[in-house]
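Asker: Structure in structure tokens, see below.
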């Protein structure tokens, strides 16, 4: 892996600004890949499909979080596909509550994010916004994109990474929003088994 001369294609869960994107980039840098391209995938199934089809050389998926435990969709997906684990890493996960400019915390009526992020911020949200409605999204970065594109109801805010919020020009209302200050997610890096075409 280290020193590969061709461009390595790395699929990751979510879109630009996701924690998986950060993990994929960090892994490529730690492996000292000379050249790499990051390919967003909607979910773990999308990442596995990209690796299995040869569209991507590697896949990066979150497997377990220190607060919410095993990430069920990833476990189910990886159990169903043949793969070879080539690496892993653990990231500190700081989740923020972001909104459109000029919105105040007391105006939030709905919080949208990935179910794992909603769970990881549950106590904080109950304390700060006890009457808020929670809505699940495919990923936290997709929630941020939808908010920035005005695809969510008025009064919505999202839980996402600081990078996803800033990329979408959202403003932080609460940082960090996660219940556990030591919140971490373990990511697995995998490829197709040797000899598979």
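Bear in mind these aren't lab numbers, they're just calculated from the coordinates by the rules spelled out. This structure is a prediction, so every number in the text was calculated from the model and none was measured. Backbone-built Cβ (ideal geometry, glycine too); neighbour counts: all protein chains shown.
Asker: Suppose a student asked you for the relative contact order of the chain, using Cα pairs under 8 Å spaced at least 6 residues apart; what percent would you report? Provide the component values of the computation, followed by the final result.
Answerer: Working: 442 pairs, mean separation 59.5, N = 197.
Relative contact order here is 30 percent.
Asker: As I understand it, the value is the acute angle between the Cα axis of helix 44-53 and the longest principal axis of the Cα atoms of the chain; what does it come to in degrees, rounded to 10?
Answerer: Between the helix axis and the principal axis of the chain, the angle is about 20 degrees.
Asker: Arrange the following residues from fewest to most other Cβ atoms within 10 Å of their Cβ: 169, 49. Show your work: numbers first, answer last.
Answerer: Numbers: 169 11, 49 18.
Listed from fewest to most nearby Cβ atoms, that is 169, 49.
Asker: Is it possible to state the helix-based mean residue ellipticity at 222 nm for the chain, with each DSSP H run of 4+ residues giving -39500 (n - 2.57), the sum divided by total residues, to the nearest 500 deg cm²/dmol? What is it? Intermediate values should be presented prior to the final figure.
Answerer: On the way: 7 runs with 59 residues, N = 197.
Rounded to the nearest 500, it is -8000 deg cm²/dmol.
Asker: Hey, another quick one. Stretched out fully, how many nm does the piece from residue 134 to residue 180 gain, at 0.36 nm a residue minus the Cα gap?
Answerer: Working: separation 46, 0.36 × 46 = 16.56 nm, distance 1.91 nm.
Answer, rounded to one decimal: 14.7 nm.
Asker: What order do you get for 19, 36 when you list them from fewest to most C-beta neighbours inside 10 Å?
Answerer: Details: 19 29, 36 20.
Going from least to most buried by this count: 36, 19.
Asker: At a 10 Å Cβ-Cβ cut-off, how would you order 187, 98, fewest neighbours first? Working shown, then result.
Answerer: Working: 187 25, 98 30.
Ascending Cβ contact count within 10 Å gives the list 187, 98.
Asker: So, by mean Cβ neighbours within 10 angstrom, what's the order for 58-65, 171-178 with the highest one leading?
Answerer: Working: 58-65: 24.2, 171-178: 18.9.
Highest to lowest by the protection proxy: 58-65, 171-178.
Asker: Given 0.36 nm per residue, what is the gain on full extension from residue 127 to residue 92 after removing their alpha carbon distance, in nm?
Answerer: Working: separation 35, 0.36 × 35 = 12.60 nm, distance 2.30 nm.
Net length gain for the segment: 10.3 nm.
Asker: Next up: Looking at the chain, I'd like the Rg to Rh ratio, where Rg is from alpha-carbon atoms and Rh is Kirkwood's inverse mean 1/r. Please report the intermediate quantities before stating the final value.
Answerer: Numbers: Rg = 17.2 Å, Rh = 17.1 Å.
Across the chain, the Cα-based Rg/Rh ratio is 1.00.
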